[in-house]
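Take a look at the structure below.
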Amino acid sequence: MLRYALSGVTFAFAAAVQPGPFQAFLMSQALARGWRRTLPAALAPLLSDGPIIALVLLVLTHVPAWLVTVLEGLGGAFLLYLAWGAGQAWRNYAARPAAPSGGSGQTVWKAALVNLLNPNPYLSWSLVLGPLLLKGWAETPLHGLALLIGFYLTLVGCQMGLILLFASAGGLGPKVARALVGISALALAGFGLYELVQAARALGAG
């Protein structure tokens, strides 16, 4: 169970701190409207990820088991690619995007829409989290739940932390966020190598 929980925590941390459309939206909202109005937007993945997960699992449950293992290996390679991208983002980190216009009452739904239209969740659930969730659930539902709980607690918690950082005065926020991106690159690389090894062992045993 610990392995699945740590996998969820690791990937969620990396997903939360890497620059992307959703993170840029949260950052700009925090800068423009303050942390109190923006903080609920950190919960947006809980609204938008449901259809994404259902679609991905529907596909994955109708393919052969060996293909899920192959996808797990591709997921490891994808994580290494993300690690490289995170390293590049760390080297060339851009501090702050422009603030958006519009009212603040629909921030959560806007954030959910941004996340729903973002390709990253689809790739993540297709190549990494989906196969891992199916594998853990097949062992025992507790493993699948450990992955989901670890992932979403960490994702929402990290996004709330970043909102607070970027809404705060001074230059601490961008500096800390850049450091977190560097840490995420190392975490992604380690997790990606681990997934590649696990997939190679599974295919070799089969």
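Any read-out appearing in this document is the output of simple, stated calculations on the displayed coordinates, not a laboratory observation. Keep in mind it's a predicted model, so treat the numbers as computed, not measured. FYI the Cβ positions are ideal-geometry reconstructions off the backbone, even for glycines, and counts take in every protein chain you see.
A few points about this structure:
- Each residue of the stretch 140-148 is assigned a 3J(HN,Hα), and the resulting list reads 6, x, 4, 5, x, 5, 4, 4, 5 Hz, derived from the Karplus form 6.51 cos²θ - 1.76 cosθ + 1.60 (θ = phi - 60°), x at Gly and Pro.
- For Ser7, Ser48, Ser168, order by how many other beta-carbon atoms lie within 10 Å, fewest first: Ser168, Ser48, Ser7
- Efficiency of FRET between Ala65 and Leu164 - r from beta-carbon atoms, R0 41 angstrom, step 0.05: 0.40
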